[in-house]
1. Can you run the Rg to Rh ratio on region 7-48? Use alpha carbon positions and the Kirkwood inverse-distance Rh.
2. For region 16-30, in order, what is each residue's ³J(HN,Hα) by Karplus, 6.51 cos²θ - 1.76 cosθ + 1.60 with θ = phi - 60°, in whole Hz (x at glycine and Pro)?
3. Step through the residues of region 73-83 one at a time and calculate ³J(HN,Hα) from phi using the Karplus curve (6.51 cos²θ - 1.76 cosθ + 1.60, θ = phi - 60°), rounding each to whole Hz and writing x for Gly and Pro.
4. What is the order of Lys82, Lys94, Lys138, Lys27, fewest Cβ neighbours within 10 Å to most?
5. Within 10 Å of each residue's Cβ, count the other Cβ atoms and sort Thr30, Thr124, Thr60 from fewest upward.
6. Cross-link candidates for Lys82: which aspartates and glutamates have Cα within less than 12 Å, leaving aside residues fewer than 8 places away along the same chain?
Amino acid sequence: MLAAAPYNVGIAMGPANLVVVDLDMPKGGTDTPPTEWAGAADGLDVFAMLCERAGERLPTETYTVRTRRGGQHLYCTAPTRKRLRSTANAVGWKGDTRAWGRVRGCGRQRCGRSVVRDHSRRVTGPLPAWLSDLLTPKPAPAPMPCRTAIRVSLRLPMSLRTPKGPTANGGALQRIAR
């Protein structure tokens, strides 16, 4: 059945242990890079600049497809023990990633005509460590203990603690904080 027509099979990136680096083309003459990426023509140029800054080479030894508009999707094996999320512009101007939380097709068909061409390997290479570090979410700050939050609020002028003045809460904040 699948041999009868071209199909676009969706892949859940996270469960498949994949991260896709999505390098886009600008969408018209007014879509120009910010000054930080001056001289870049597209997402691939920006990604090459990031690689150079990291002292690494472009990861070309992975499954890659070219999109209909000329961009590229680099499929990489996700690092173990890290759960990377999809990002927007984390890889600079015109550079996103697709990971946990996204499904991606890796050979789309639209109206019977191909919109991507495979131009690389059939296997995925590992996501470079420097890129994995760049994409790793920063840890959330530790939650503030309740008593600390109350003590902080007690340092505020009474008029800022409640909208109705010093007796609106019946002294509950003061009793709890002790």
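Just so you know, all these numbers are worked out from the coordinates, no wet-lab data involved. Predicted model only: the values in this text are computed from it and were never measured. No Cβ is skipped: glycine too gets one built from the backbone with ideal geometry, and neighbour counts run over all protein chains shown.
1. On the way: Rg = 14.5 Å, Rh = 12.6 Å.
Looking at region 7-48, the ratio lands at 1.15.
2. Along region 16-30, the couplings run 7, 6, 10, 10, 10, 8, 9, 10, 9, 9, x, 9, x, x, 8 Hz.
3. 10, 9, 8, 10, 6, 5, x, 6, 6, 10, 10
4. On the way: Lys82 15, Lys94 24, Lys138 5, Lys27 9.
Ascending Cβ contact count within 10 Å gives the list Lys138, Lys27, Lys82, Lys94.
5. Working: Thr30 6, Thr124 20, Thr60 10.
Lowest count first: Thr30, Thr60, Thr124.
6. Once the sequence-local aspartates and glutamates are set aside, what remains near Lys82 is Asp133.
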